[in-house]
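> Provided herewith is a single structure, encoded as structure tokens, for subsequent inquiry.
We did not get these values from a lab; they are worked out from the coordinates using the rules stated. What you are looking at is a predicted structure, and each value in this text was computed from that prediction instead of being measured. Reconstructed Cβ throughout: ideal geometry from the backbone, glycine too, with neighbour counts over all protein chains shown.
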Amino acid sequence: MRTPLVAANWKMNGSREFAEQFFKGLDLEGVAARVAICPPFPYLPLLAEKVGERVATGAQNLSEQANGAFTGEVSASMLEDWGVRYVIVGHSERRSLYGESSELVARKFGAARSAGLIPILCVGESREEREQERTLEVIDTQLHAVASINGGDCWENAVIAYEPVWAIGTGMTATPEQAQGVHRFIRGRLGEAGAKVQILYGGSVKSGNAAALFGQADIDGALVGGASLDAEEFSRICRAAQ
Ligand code: PEP
């Protein structure tokens with residue numbers, strides 16, 4: 001049995017006041033899922049004070065380097081130092097807006113695991129790639145890039161987030177059946193660890209579509225962007241993951 005995980009990706013949103021209010025509004029009564037909140041870096045210590053047993057903190061990015069002259073970077077061990085448990089790696093915004101290559105994503109994934117953090121590796125196809133029926137090929141290539149640098153047994157203590165790029169922040173969601181097909185494919189590519197790895201769906205998840213997605217056999221929760229900025233809405237999504 002895999003415990004569901006619902007992770008909030010605040011992206012570059014929020015403030016100290018927002019974080020305070022968010023925690024006041026977060027209602028996890030009756031929630032069976034694990035919950036992770038991934039705020040911008042400056043708010044991680046603030047959140048670390050607030051999270052308890054049921055909620056963990058996550059970062060949205062990390063350096064592939066351990067330490068040294070890398071101005072502006074944050075290492076895995078620094079995150080670990082602040083009690084951070086998860087880190088998002090290879091989000092499509094970082095791949096497309098900041099030119100992160102699959103090799104860099106793979107190195108970040110390895111850096112996270114070496115420090116004992118759980119990487120949430122994002123994979124997903126663009127609209128064009130889906131129209132060309134290349135979805136599975138694209139995802140296979142993204143997974144292979146990580147395994148080729150970190151070894152085929154690297155999926156232990158990792159989370160995968162299937163995030164079709166065309167569904168992120170657009171209000172368009174993959175149907176539960178579309179998502180399930182890709183999740184099943186991903187699980188089959190993870191070797192021995194496959195049965196244990198949590199595979200999240202991401203892309204315009206809301207309380208209105210969450211239950212149908214979570215009802216699929218290989219969908220183990222969600223990575224939530226926009227809807228995670230509303231504590232009540234995010235709480236409803238968490239409650240849908242049983
Ligand atoms: C994301 O950015 O990871 C995401 C899933 O965003 P949204 O929920 O807004 O589509």
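> Binning every alpha carbon pair distance of the stretch 121-242 at 10 Å from zero, what are the percents per bin?
14, 46, 31, 8, 0
> Can you list residues from other chains, or at least 5 along the same chain, whose modelled amide H is less than 5 Å from the amide H of G225?
Here the answer is N9, G203, S204, V205, since their amide H atoms fall under 5 Å of that of G225.
> A follow-up question, please. In whole Hz and in residue order, list the ³J(HN,Hα) couplings for the stretch 164-175 that follow from phi through the Karplus curve 6.51 cos²θ - 1.76 cosθ + 1.60, θ = phi - 60°; x for Gly and Pro.
After applying 6.51 cos²θ - 1.76 cosθ + 1.60, I find x, 4, 5, 9, 7, x, 9, x, 9, 10, 4, 5 Hz.
> Let me see the pair-distance distribution of the stretch 1-95: every alpha carbon pair, 5 Å bin width, integer percents in order.
Percent of pairs per bin, in order: 2, 12, 23, 24, 19, 12, 5, 2, 1, 0.
> Sticking with this structure for a sec: Nothing charged except the Cβ atoms of Lys and Arg (+1) and of Asp and Glu (-1): what's the magnitude of the dipole of the stretch 1-77 about its Cα centre? Round to the nearest 20 debye.
Computed about the Cα centre, the dipole is about 160 debye.
> Quick one: grab Rg to one decimal and Dmax as a whole number for the stretch 86-140, Cα atoms only, in Å.
Reported Rg and Dmax, both Å: 12.3, 39.
> Would you compute the Debye intensity of the chain from its alpha-carbon atoms alone, equal scatterers and no solvent, and pass along log10 I(q)/I(0) at q = 0.07, 0.11, 0.13 Å⁻¹ to two decimals?
-0.20, -0.51, -0.73
> If each residue of separation counts as 0.36 nm, what is the full-extension length gain between D153 and S101 once their alpha-carbon separation is subtracted?
16.6 nm
> Report the residue, chosen from D220, D230, D81, that carries the largest GNM mean-square fluctuation when the chain is represented by alpha-carbon nodes joined by springs under 10 Å.
Comparing D220, D230, D81 in the GNM, the peak value goes to D81.
> Shifting gears a bit: Taking only DSSP H segments of four or more residues, each worth -39500 (n - 2.57), what value at 222 nm results for the chain once the sum is divided by all its residues, to the nearest 500 deg cm²/dmol?
Taking each H run of at least 4 residues, the total per residue is -11000 deg cm²/dmol.
> Sticking with the crude label model, points 7 Å out along Cα→Cβ, report the distance from F41 to A212 in nm, one decimal please.
So the two model labels end up 4.0 nm from each other.
> Subtracting the Cα-Cα distance from 0.36 nm times the residue separation, let me have the gained length for N67 to S15 in nm, one decimal.
Full-extension gain reported as 16.0 nm.
> So how far apart, in nm, are the two label points at A32 and K196 if each is 7 Å from Cα heading toward Cβ?
2.1 nm
> Still on this structure, I have one more. Work out how much length W82 to K24 would gain on full extension: take 0.36 nm times their residue separation and subtract the Cα-Cα distance, in nm to one decimal.
18.7 nm
> For a protection proxy built on the mean count of beta-carbon atoms within 10 angstrom, sort 65-78, 119-132 highest first, please.
On the way: 65-78: 13.0, 119-132: 20.4.
Averaged packing, sorted descending, gives the order 119-132, 65-78.
> What number of lysine-lysine pairs in the chain show an alpha-carbon separation below 21 angstrom, given a sequence spacing of 8 or more or placement on distinct chains?
6
> May I pose another question? Report, by chain and number, residues whose modeled amide H sits under 5 Å from the one on C154, excluding near sequence neighbours (fewer than 5 apart, same chain).
none
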